[in-house]
1. For T38 and T120 in the same chain, what is the full-extension length gain: residue separation times 0.36 nm, less their Cα-Cα distance, in nm?
2. Using a 1.4 angstrom probe on the protein heavy atoms only, line up T120, T25 by accessible area, largest first.
3. Using the heavy atoms of the protein chains and a 1.4 angstrom probe, tell me the accessible area per residue for the chain in square angstrom.
4. How would I162, I29 line up by accessible area, probe 1.4 Å, largest first?
5. Note down the accessible area of K168, probe 1.4 Å, to the nearest 10 Å².
6. Work out from phi, with θ = phi - 60° and the Karplus expression 6.51 cos²θ - 1.76 cosθ + 1.60, the ³J(HN,Hα) of each residue of the range 36-44, listed in order in whole Hz, and give x for Gly and Pro.
7. Could you work out the relative contact order of the chain? I mean the mean sequence separation of Cα pairs under 8 Å and 6+ apart, divided by the number of residues, in percent.
8. Report the gain in length on full extension from R155 to S178: 0.36 nm times residue separation, minus Cα-Cα distance, nm rounded to one decimal.
Amino acid sequence: VMANRFLTPPKLTFPVSGSAAFNGTSDFIQTDNPFSHTNHTIAAWVYSESVDGTVFDNRDANDDGIRLFHAGNGLMYYQVNASDLNISFSTDGWFFVSGTYDGTTQKLYIDGSVVQSQSTSQTISVSTYDAKIGNTTYENKYFKGNLANVAIWNRALSSDEINSVMWKTYEQVSTTESNG
């Protein structure tokens, strides 16, 4: 399974119709409120053109909140407070990246497969910053590339749900899958 994770998924081409392009210097999406849910899922199709950019961030400080980011060391990180998961990540294709936390287990998925998992006890406190897509909440780590189908849930999706929503448009997602 891991050998195939650097291939462009067969149903997507670059640039994906409807994807958001981020220039790496000033583009980001500001939500209208903080996302402060201990149980959650963050998911997106990611086409990263360079390392050291943030896909999603809702933190008050480095180890206080949730973040999904491509770091300067070539790793994709999913951070819940001080608990980090990471995997080597390429800049040459589309990947469906998901992070889930159910209150006891933190998981990082690439293209629907769990690549890292760990038990951890974290509580997400209410953030003073509104969540951002494509940049960090309190520092500037802009994302360069494209993002599509960015989705945020206030519950941890199961592996089956992640694999189901991965290939769907918003209109195709079932009521059960969109719950939360």
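1. Numbers: separation 82, 0.36 × 82 = 29.52 nm, distance 1.17 nm.
Full extension of this stretch gives 28.4 nm more.
2. T25, T120
3. Values: 8120 Å² over 180 residues.
Averaged over the residues of the chain, the accessible area is 45 Å².
4. Working: I162 5, I29 75 Å².
Ranking I162, I29 by accessible area, largest first, yields I29, I162.
5. 50 Å²
6. 10, 10, 4, 7, 6, 9, 10, 9, 6
7. Details: 460 pairs, mean separation 57.9, N = 180.
Relative contact order here is 32 percent.
8. Numbers: separation 23, 0.36 × 23 = 8.28 nm, distance 1.03 nm.
Value of the extension gain: 7.2 nm.
The values are calculated or read from the model by the stated rules, or taken from the named source; none is laboratory data. A quick note: this is a predicted structure, and the numbers were derived from the prediction, not measured. For the accessible areas, the whole protein counts, side chains as well, though only heavy atoms, and no ligand, DNA or RNA atoms are used. Shrake-Rupley method; radii C 1.70, N 1.55, O 1.52, S 1.80 Å.
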